[in-house]
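J.: My structure is below; once you've seen it, I'll send some questions.
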Amino acid sequence: MSQAVAEEAVKLKVRPLTPEAFRPYGQVLERGQLIYPEVEEGRVAMELLRTRHRPNGRQTTQLAVHFTYNQTFIPVQGSMVLIVAPPPVDREADPSTYDFDFDQAAA
């Protein structure tokens, strides 16, 4: 996991999650639809993570970057906001120098 720092705040409007809106970043699982994730060794792992409300939840100071696995988020209670962005142009670059197009970020 790596992180890149934006030099100024990027404001994002929270939009409803639809398959069309999310298509540039991944795939939305829909009821009744089978999905076969791409996995390196034929294994799929699941982890249950409990998150808590944060008083400063309207501000995010870092984003995780990973290229070696897919993630699926399934809120089982409450609601959540998922922030996504296209990958950096040069994935082989030093993570501290990643060039992100923050204008393409979405929530």
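The values are calculated or read from the model by the stated rules, or taken from the named source; none is laboratory data. Quick caveat: nothing in here was measured; it's all calculated off a predicted structure. Note: ideal-geometry Cβ built from the backbone for every residue, glycine included; neighbour counts use all protein chains shown. Only protein heavy atoms, including side chains, enter the accessible area calculation; ligands, DNA and RNA are left aside. Shrake-Rupley method; radii C 1.70, N 1.55, O 1.52, S 1.80 Å.
J.: Of all residues in region 78-107 being over 24 Å from GLU20 (Cα atoms) and of a type in the set (S, T, N, Q), which is modelled with the highest pLDDT? Show your work before the answer.
T.: Filtering region 78-107 for residues over 24 Å from GLU20 (Cα atoms) gives 90-99.
From what's left, of a type in the set (S, T, N, Q): 96-97.
Details: SER96: 79, THR97: 83.
The selected residue is THR97.
J.: Considering region 59-72 alone, what residues qualify as being over 22 Å from ALA9 (Cα atoms), out of contact with any Lys or Arg (no Cβ under 9 Å at 6 or more places or on another chain) and surrounded by fewer than 10 Cβ atoms within 10 Å (Cβ to Cβ)?
T.: The answer is THR68, and nothing else.
J.: Within region 19-28, is there a residue that is open to solvent by 90 Å² or more (accessible area, probe 1.4 Å), among the aromatic types (Phe, Trp, Tyr), at pLDDT 70 or above and in a loop (DSSP other than H, G, I, E, B)?
T.: Checked against the condition, which is being open to solvent by 90 Å² or more (accessible area, probe 1.4 Å), among the aromatic types (Phe, Trp, Tyr), at pLDDT 70 or above and in a loop (DSSP other than H, G, I, E, B), region 19-28 yields no hits at all.
J.: Continuing with the same structure: Pairs, please: C-beta under 7 Å, at least 6 apart or cross-chain, first residue among the aromatic types (Phe, Trp, Tyr) and open to solvent by 60 Å² or more (accessible area, probe 1.4 Å) and in region 73-93, second in a loop (DSSP other than H, G, I, E, B) and at pLDDT 80 or above?
T.: As it stands, the answer is PHE73/LEU82, since those pairs meet every condition given.
J.: Look at region 1-18 and say how many of its residues are modelled with pLDDT of 80 or more, closer than 21 Å to ILE74 by Cβ and of a type outside the set (Ser, Thr, Tyr).
T.: Initial filter on region 1-18 (modelled with pLDDT of 80 or more): 11-18.
When the remaining residues are screened for being closer than 21 Å to ILE74 by Cβ, the result is 14-18.
With the extra rule that they be of a type outside the set (Ser, Thr, Tyr), the set shrinks to 14-17.
Going through region 1-18 one residue at a time, the tally reaches 4.
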